[in-house]
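Q: First, the structure itself, so that you have it in front of you.
The values are calculated or read from the model by the stated rules, or taken from the named source; none is laboratory data. A quick note: this is a predicted structure, and the numbers were derived from the prediction, not measured. With ideal geometry, Cβ positions are generated from the backbone for all residues, glycine too; neighbour counts draw on all protein chains shown.
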Amino acid sequence: MEADSFVTRAPVEASGDGREIRWLGGRILDATGAFPRSLPFTTPLMEQDFGPAAVVHRATTPMESSASADTEIDYEGLPQGVATSTHMLAGSVAGIMEHCVMYPIDCVKTRMQSLHPEPGARYRNVMDALRQIVRTEGVWRPIRGVNVLAVGAGPAHALYFACYEKLKFSLSDAIHPGANSHLANGLAGCMATVIHDAIMNPAEVVKQRMQMFNSPYRGVVHCASSLLRREGAGAFYRSYSTQLTMNVPFQALHFMTYESLQETLNPHRHYNPTSHMVSGALAGAIAAAATTPLDVCKTLLNTQEAQAVMVQAEGTGAAVGARQISGLGEAFRTVYRSGGPAAFFKGVQARVIYQMPSTAISWSVYEFFKYIITKRQHERLLK
């Protein structure tokens with residue numbers, strides 16, 4: 001069918017012969033669930049996938065469509081052919097905004113997760129850390145290395161959100177046809193994370209090396225080239241398995257919580273900035289607190305903190321400082337030797353404070369750009 005109008009999700013009765021017409025996963029069904037031979041529509045519908053939720057439509061005239069254009073925009077149901085590009089553009093902007101705005105807090109988190117901090121890098125809380133860093137190391141120190149993260153965050157989040165949006169509808173159709181499935185949301189988030197982390201892991205390694213106290217690197221290029229020369233290309237992915245081990249449950253919990261909160265705060269799934277911010281912040285906080293122990297291990301693998309390496313070498317009987325820490329098991333043992341169970345929650349306050357606004361910003365920016373892009377597409381179709 002031709003794309004002559006943009007269909008909304010308003011549940012109303014069909015006109016013509018009185019039959020109800022439902023749109024389910026890109027297919028038109030009548031009230032009995034069968035495919036009708038003739039459709040009582042006066043205006044052709046655009047064939048597109050509106051996701052797993054079944055919706056009911058009635059015939060509309062061009063005048064009615066124009067009158068409801070501004071109030072009935074279904075930005076969740078993107079026009080066919082532009083959905084992927086819309087998700088990628090919105091996700092890219094959201095990822096860059098999220099990481100750049102919250103980068104100073106991320107720097108503090110990395111420092112507070114140090115197992116053996118030097119005297120000049122011992123902080124009472126997040127604000128105390130920021131004050132000390134600015135006073136002793138300069139006003140630009142908290143954002144050192146932000147450029148490498150911005151470069152990685154754009155393509156990583158573009159693929160991340162595009163993959164998530166595509167998979168969650170496909171999996172929902174398979175797991176729970178006709179309704180939203182929290183299991184599908186979680187699985188889609190996990191699969192999207194594998195792609196995201198493959199792109200972001202090298203940027204994370206360089207970023208965290210530059211964030212450490214008394215970092216010897218002059219800049220991003222110097223850090224990356226030094227790391228490649230001394231430790232080889234594998235150093236950029238030494239923490240990848242740990243990153244996935246942390247981020248897969250993090251994102252599963254994050255997306256499931258976000259979608260559950262959206263069902264409560266925004267059941268009609270309209271564009272609602274407040275609900276997106278609140279849902280994103282709470283989902284990020286819960287997921288961040290639950291996965292902090294794995295984040296501590298990831299930071300250790302990325303930074304190869306000197307004192308921690310010495311503790312690990314002494315515990316294994318090897319020459320002090322003669323080996324690199326690799327693998328989640330080895331990192332887990334090193335963290336435990338360094339401070340017991342409490343060491344696994346070092347920096348949890350900074351991590352939660354970072355993730356709450358970070359995920360709120362990410363979801364708000366993403367939903368905003370998705371809404372704006374879809375609205376413009378909607379207006380072009382009406383014309």
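Q: Looking for whichever is crowded, with 18+ Cβ neighbours inside 10 Å and assigned by TED's automatic domain parsing to the domain that holds Ile361 here; the options are Pro202, Pro177. Which one fits?
A: Only one candidate passes the filter, namely Pro202.
Q: Can Tyr258 be described as of a type in the set (Ser, Thr, Tyr), in the same structural domain as Asp128 (by TED's automatic domain parsing) and at pLDDT 90 or above?
A: So Tyr258 passes the test.
Q: What about Cys163, is it closer than 18 Å to Tyr366 by Cβ, in the same structural domain as Ile105 (by TED's automatic domain parsing) and either touching a residue at least 12 places away in the same chain (Cβ under 8 Å) or not acidic (Asp, Glu) (or both)?
A: Yes.
Q: Going through Leu282, Leu300 one at a time, which residue ends up being at pLDDT 90 or above and either in the same structural domain as Phe345 (by TED's automatic domain parsing) or not polar (S, T, N, Q) (or both)?
A: On inspection, the qualifying residue turns out to be Leu282.
Results for (1) in a helix (DSSP H, G or I); (2) within 29 Å of Asn272 (Cβ to Cβ); (3) not hydrophobic (A, V, I, L, M, F, W, C), shown as yes or no for each residue.
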{"residue": "Ile325", "(1), (2), (3)": "no, no, no"}
{"residue": "Thr334", "(1), (2), (3)": "yes, no, yes"}
{"residue": "Val352", "(1), (2), (3)": "yes, yes, no"}
{"residue": "Pro357", "(1), (2), (3)": "yes, yes, yes"}
{"residue": "Trp363", "(1), (2), (3)": "yes, yes, no"}
{"residue": "Phe369", "(1), (2), (3)": "yes, yes, no"}
{"residue": "Lys375", "(1), (2), (3)": "yes, yes, yes"}
{"residue": "Leu381", "(1), (2), (3)": "yes, yes, no"}
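Q: So, one more: Among the residues of the range 170-215, write down those that are over 19 Å from the mean Cα position of the chain (by Cα) and charged (D, E, K, R).
A: Asp173, Arg209
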